[in-house]
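Scroll down for the structure; my scribbles are underneath it.
The values are calculated or read from the model by the stated rules, or taken from the named source; none is laboratory data. Bear in mind the structure is a predicted one, so any value in this text is a computation, not a measurement. With ideal geometry, Cβ positions are generated from the backbone for all residues, glycine too; neighbour counts draw on all protein chains shown. Protein only, heavy atoms only, side chains kept; ligands, DNA and RNA dropped before computing areas. Shrake-Rupley method; radii C 1.70, N 1.55, O 1.52, S 1.80 Å.
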Amino acid sequence: MFKDRTDAGRLLADKLVGRIGKDGVVLAIPRGGVVVGAELARKLGLKLDLIIPRKIGSPQNPEVALGAVAQDGAAILDHRLIGLLGVTDGELKEIIACELEEIKRRMSLYRGSAKQRNYAGRQLVVVDDGIATGYTMLAALRSVRNLRPRELTLAIPVAPPETLEILKKEVDYSVCLLTPGNFYAVGQFYEKFDQTSDEEVVKIIKELKETKE
């Protein structure tokens, strides 16, 4: 159990001390992942930025995940489920376009610009507060890989073992503090797991930016 997201971030940072150079960048997934990533960035003296993947929901039931998409348009799709549900290419394109617009909106809201910064040749650490199915994280990692980092690291407090094994193939290095077999939801491994607000994310990004300037 973690006390909260800040506690999880500190514990992750302890595992990465000495591994990430000062030119490294923490790319956090909003919203809860930003709290974890901020603590990681503070303890390691790194820059904090965002990567925003979005779930692609079924047109019949948005809670059913057909895959995920990241800000560069890199999409991960469950073609078997898409076929079973009879979702058309047109419907998929429309949903993905809407999610890409939402990603741009959030990037602008959280960090003042939707423009992707150039991180080629740097060590990049992708962080969230936990992983369940892994769809959104997989989309995030493939999008970040397209930025041509020198090294790509996955840092997460908790994930199911089978999901982690899939994600480890996408990165050069990974840190996961808990891999419980009895996994229902990320929140079950935190004593405090309140929803992180947009205002909190904006405040954290601003504070970390000011300390690095």
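Note on segment 29-55: among residues that are assigned to a strand (DSSP E or B) and within 14 Å of residue 201 (Cα to Cα), the one that is farthest from the chain's Cα centre (by Cα) is 48. One residue stands out among those in segment 4-16 that are open to solvent by 10 Å² or more (accessible area, probe 1.4 Å) and either in a helix (DSSP H, G or I) or modelled with pLDDT under 95 (or both): the one that is farthest from residue 208 (Cα to Cα), which is 15. Selection of segment 43-77 for residues being surrounded by fewer than 18 Cβ atoms within 10 Å (Cβ to Cβ), of a type in the set (D, E, K, R) and in contact with a strand residue (DSSP E or B) (Cβ under 7 Å, 6 or more places away or on another chain) yields only 63.
Exactly one residue out of 202, 186, 158 is over 15 Å from residue 26 (Cβ atoms), touching a Cys at 6+ places or on another chain (Cβ under 8 Å) and either in contact (Cβ under 8 Å) with a residue 40 or more places away in the chain or among the hydrophobic types (A, V, I, L, M, F, W, C) (or both): that is 158.
Name the single residue, out of those in segment 123-168 being within 20 Å of residue 21 (Cβ to Cβ) and among the polar types (S, T, N, Q), that is most open to solvent (accessible area, probe 1.4 Å). So the residue we want is 123.
Inclusion of residue 117 among residues that are under 29 Å from residue 13 (Cβ atoms), open to solvent by 30 Å² or more (accessible area, probe 1.4 Å) and either part of a loop (DSSP other than H, G, I, E, B) or free of Cβ contacts under 8 Å to residues at least 24 places away in the same chain (or both) is warranted. Taking the conditions exactly as written (among the β-branched types (Val, Ile, Thr) and closer than 17 Å to residue 9 by Cβ), does residue 201 satisfy them or not? Yes. Among the conditions (1) surrounded by 12 or more Cβ atoms within 10 Å (Cβ to Cβ); (2) over 15 Å from the mean Cα position of the chain (by Cα); (3) more than 16 Å from residue 135 (Cα to Cα), the only one that residue 81 does not satisfy is (3).
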